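Please treat every number below as a calculation from the coordinates, not as lab data. What you see is a predicted model, and the numbers here were worked out from it, not measured in a lab. Positions of Cβ are backbone-derived with ideal geometry, glycine not excepted, and every protein chain shown enters the neighbour counts.
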Amino acid sequence: MRSTASAVLLVSALIAGGVPTAALAVDRDIASSPTVVTAAAPAVFFADDMQRSVATGLGGASGAATYRMSDPRAFSVSGGAARAVIRVPGTSVAASPSGLTALDTTQSVAFTVPSLPAFGRGVYLNLQARKTASGFYHVQLVVDPKGSAVLEALRVTGSRQVVLARTTLSTRLRAHTSIVLEASVRGTTSVAVDAVVTVGGVTTRLAATDASSARLAAAGAVSVGGYLSSSSSAQQFAFDDYRVAVAPTGAGPGSNSPQPTPSQPSAPRPSPTPSPTLAPSPTPAPTPSPAPTPSSSVQPDPSSSSTLTWDESGTRRHRGAPLPGVSSAPIPVGAVIVDGSARAGGTGSASAPFSTIQSAVDRASTGAVIVVRSGTYNEDVTVPAGKRVTIQSAPGAQVWLDGARPVTGWRSAGTTWVVDGWTAQFDSSPTFTRGAPDGTTSGWQWISAGHPMAAHPDQIWIDGAALAQVGSRDQVRPGTFFVDTAADRLYIGSSPEGHQVRASSETKALSIRGAGTVIRDIGIRGYATSVWMMGTVTIEAPDVTLQGVTVADNATTGVFVGAARATLRDVTLARNGLLGIGANLADDLRLENVLALENNAEHFNQAPVSGGVKIAKSRGVRVVDSAFLRNDGPGIWTDQSVFDLTIARSDLIGNLGHGAFIELTQKVDIVDDLIVGNGGNALKINNTGDVQIWNNTIVGGNRTINIVQDSRSQADASVPGHDPRRPFPDPDMPWTSRDIALGNNVVGGSSGACTLCVEDYSHRFAASELNIRSDGNIFQRTGASQPAWLVVWSRGAANVNPFVFTTLDSYRAITGQDLHSISIDGRPVTTPTGSLLGDVSHPGVAQPRPPRAAAWWTGSVDGVGARMP
């Protein structure tokens with residue numbers, strides 16, 4: 001996980017990483033005053049290919065000074081590599097080129113571990129810069145016994161350690177594999193600490209900016225070394241091709257001087273892949289593709305925006321984001337420019353743009369506007385806490401944050417095709433808890449027997465068409481793929497010849513931790529996001545806006561909102577594997593002109609989470625002028641103590657679950673909505689009170705309107721769903737389906753047992769005791785007995801069996817409800833898209849709207865049903 005210092009400070013001994021106290025080895029003469037090196041131009045000041053033989057120590061590189069070592073007995077040189085052994089757990093070794101003290105440096109080295117650690121937390125391979133008696137910057141790769149690796153950048157002053165950034169490599173390391181580590185430290189008023197690690201052609205980048213008062217702005221020594229966890233046994237490692245490049249004075253962030261890069265080590269060096277970040281902690285994805293141009297993460301666009309059109313048939317008007325490339329937002333004066341085809345080391349100007357979005361974010365000041373030129377950027381971007389930026393496309397530019405990369409090198413293998421060296425491994429934990437198994441109780445099982453691979457984030461496309469993942473090689477057929485993690489191979493069942501094959505290589509697109517940040521007019525697709533990562537885009541700070549953004553074809557959830565006052569405006573969420581939008585503790589959330597369609601593309605069970613949008617524990621939510629289409633699950637689902645919800649002027653069409661599922665919610669306005677052709681209940685109200693349901697067209701579903709009460713009690717702390725920020729019990733949240741008013745709706749087309757259904761499964765409340773009120777509606781049934789009951793009406797404790805009414809007259813006579821309503825049997829009253837047929841006469845049916853409903857209604861005074869165009 002990349003985590004900038006402004007976002008999180010991890011101080012002192014770190015359980016999962018950091019520099020243990022014993023690792024703070026200081027070279028024996030580090031406190032002396034060697035000559036400060038200042039180069040007139042970027043230059044490789046020190047290079048050592050280890051072509052010598054030294055029994056004890058490191059000797060000296062050809063034409064260069066010798067090393068200063070923390071313990072010469074730990075080092076030797078043979079076979080073209082330096083050897084180091086750490087015999088005592090909890091200790092470290094380090095070697096510094098003698099006489100080299102510099103301010104801005106870039107180091108590179110090729111590490112090898114002859115065997116993975118046997119147990120414990122493993123070995124920490126590191127590069128250090130600006131080393132003085134008071135502190136240093138420290139970049140390390142932590143390798144554990146399973147080959148998992150974490151890349152970290154830290155500032156160390158005395159015994160205090162601050163993690164500036166961290167990410168987990170998606171590639172598992174193996175013994176004898178070359179690990180090329182680079183570390184760059186530049187600047188004084190703001191210190192940029194960058195790290196790059198390349199393993200087997202897969203590159204991960206880490207970037208951090210240290211602008212704190214504790215930053216290290218003085219020149220110091222550099223070193224290469226390692227630390228052994230106190231819980232591990234003695235460990236060897238090797239290193240060679242050690243190089244140090246020294247920048248000219250003042251070539252740090254904000255300077256126009258180009259940044260130096262060291263001579264390339266012998267290992268291959270593909271384009272850097274920005275490190276994945278996630279809240280709470282991600283497992284990013286590897287990049288198995290061949291090396292692209294090293295200066296940029298931009299790739300050829302695999303599809304034109306013209307192919308990204310969505311079937312919105314049946315909606316009242318177009319919803320969601322415009323196609324990428326139609327933005328006309330101007331470029332403001334002083335904007336920071338990004339161009340993926342630019343050379344690395346730019347300054348963000350129009351003539352010298354940054355080559356990655358993350359570089360621009362890292363270098364930009366708060367309030368900056370970052371303008372991105374056309375391209376496909378294989379990045380994982382973090383906006384750190386304390387930094388407010390706007391990221392937008394250039395006028396007319398098609399900009400995609402793309403989690404997938406091309407895969408080549410296929411060969412025929414019987415009836416399949418295979419590529420070797422596929423090291424991508426993603427976490428397939430099926431729940432919001434990393435490492436936890438699937439649930440076993442009803443309603444808490446995420447994975448169905450029919451779709452056992454749903455939680456596996458791997459994704460592959462051939463010419464833009466998705467393949468389906470299977471669990472073994474012998475299951476591979478045309479249109480499917482299998483990942484053989486044991487053999488590092490990928491199999492596909494469709495020929496790649498003459499086609500472009502792309503596979504997911506990143507897990508996260510955006511982690512937004514800077515309050516007030518705006519993301520505008522970009523597309524996001526193809527990320528291998530695990531369930532527990534919460535979303536491909538995570539909003540983790542208040543007052544964030546997404547506008548004109550498309551989020552499509554990601555492995556699980558498209559966007560997760562976990563902070564107050566977020567706005568999603570003109571946003572499309574399409575074909576994401578689990579959920580379009582998830583939200584929790586997202587007070588004052590605004591969804592405006594959102595299009596969520598065909599989400600839960602991986603076919604997780606509909607409960608506990610699935611569909612277009614699910615919102616929990618949030619207050620003051622507005623969903624307006626939006627569309628939720630053909631999601632495998634509910635179109636909209638609110639749950640677990642949502643208070644003050646409005647769903648207005650929106651279309652919920654063809655969802656496989658409920659159209660709208662309003663559960664454990666209070667104070668709800670459902671006004672001018674078109675809810676048509678959904679597979680579950682069209683509208684389900686469950687343990688939810690103070691509800692206004694006015695001027696909606698609600699047609700289809702196995703129960704058209706289903707108002708139910710169950711035994712869950714807000715006073716029972718053991719029942720999930722309480723808002724931890726609220727008093728217990730919460731007086732605003734009774735969890736009772738009480739005070740519900742229905743008026744001026746068109747209600748019909750039920751395929752179940754009833755059209756209007758009010759039931760209390762706890763057998764405590766009659767519908768009259770719950771104050772359910774209904775009038776001014778047009779009811780419809782396909783026939784006099786389809787469904788069998790027009791209305792089901794709870795009798796509560798008086799009789800566990802509810803009233804069932806087959807006619808409107810009998811229902812009126814007993815309940816006194818719907819005195820102005822009409823009921824029509826044996827014929828439709830709407831067109832297939834929900835427009836009221838012209839021959840349906842309804843004079844005197846419409847009733848005065850209460851103020852809350854009237855505030856959202858823009859149709860005629862006597863209108864019944866949703867307003868149609």
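Structure above, values below:
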item	result
Filtered chymotrypsin sites (Phe, Trp or Tyr not before Pro), the range 71-165: DSSP coil and at most 14 other beta carbons within 10 Å	PHE119
Two-site label geometry, TYR761 and ASP862: point separation in nm, points 7 Å out along Cα→Cβ	4.3 nm
The chain, dipole about Cα centre (Lys/Arg Cβ +1, Asp/Glu Cβ -1), debye to the nearest 20	1660 debye
Percent antiparallel among DSSP beta bridges (both partners in the chain, rounded to 5)	45 percent
Per-residue ³J(HN,Hα) for the range 794-805, Karplus 6.51 cos²θ - 1.76 cosθ + 1.60, θ = phi - 60°, Hz, x for Gly and Pro	4, 10, x, 5, 5, 6, 5, 8, x, 4, 10, 10
Pairwise label distance in nanometres, SER115 with ALA855, each label 7 Å out on the Cα-Cβ vector	7.1 nm
Loop-located trypsin sites (Lys or Arg not before Pro) in the range 327-395 whose Cβ has at most 15 other Cβ within 10 Å (DSSP)	ARG343
Listed residues THR507, ALA245, GLY865: farthest to the positive end of the dipole of the chain (Cβ charges)	ALA245
Cβ-defined net charge surrounding ALA449, 15 Å radius [Lys, Arg +1; Asp, Glu -1]	-2
Estimated FRET transfer efficiency when R0 is 41 angstrom, pair THR441-LEU585 (beta carbons, to 0.05)	0.95
Inter-centroid distance (Cα atoms) of the range 158-180 relative to the range 808-831, Å	68 Å
Given LYS508/LYS614; LYS508/LYS617; LYS508/LYS667; LYS617/LYS684; LYS146/LYS508, the pairs whose alpha carbons are separated by over 28 Å	LYS508/LYS667
For SER233, residues with placed amide H under 5 Å, excluding near neighbours	ALA118, PHE119
Value of Rg/Rh across the range 590-742 [Cα atoms, Kirkwood radius]	0.95
Cβ-based net charge around SER349, under 15 Å, with every Lys or Arg adding one and every Asp or Glu removing one	+2
Residue-span extension gain [HIS176 to THR188] - 0.36 nm each, minus C-alpha spacing	0.5 nm
Top positive-direction residue, dipole computed over the chain with Cβ charges, set ALA413, GLY689, GLY226	GLY226
Under the Karplus curve 6.51 cos²θ - 1.76 cosθ + 1.60, θ = phi - 60°, whole-Hz ³J(HN,Hα) for the range 704-720, x wherever Gly or Pro sits	6, 10, 10, 10, 10, 10, 10, 7, 4, 10, 5, 7, 9, 5, 7, 7, x
Protection-proxy order for peptides 499-512, 433-446, 784-797, each taking the mean of Cβ atoms within 10 Å per residue, highest first	499-512, 784-797, 433-446
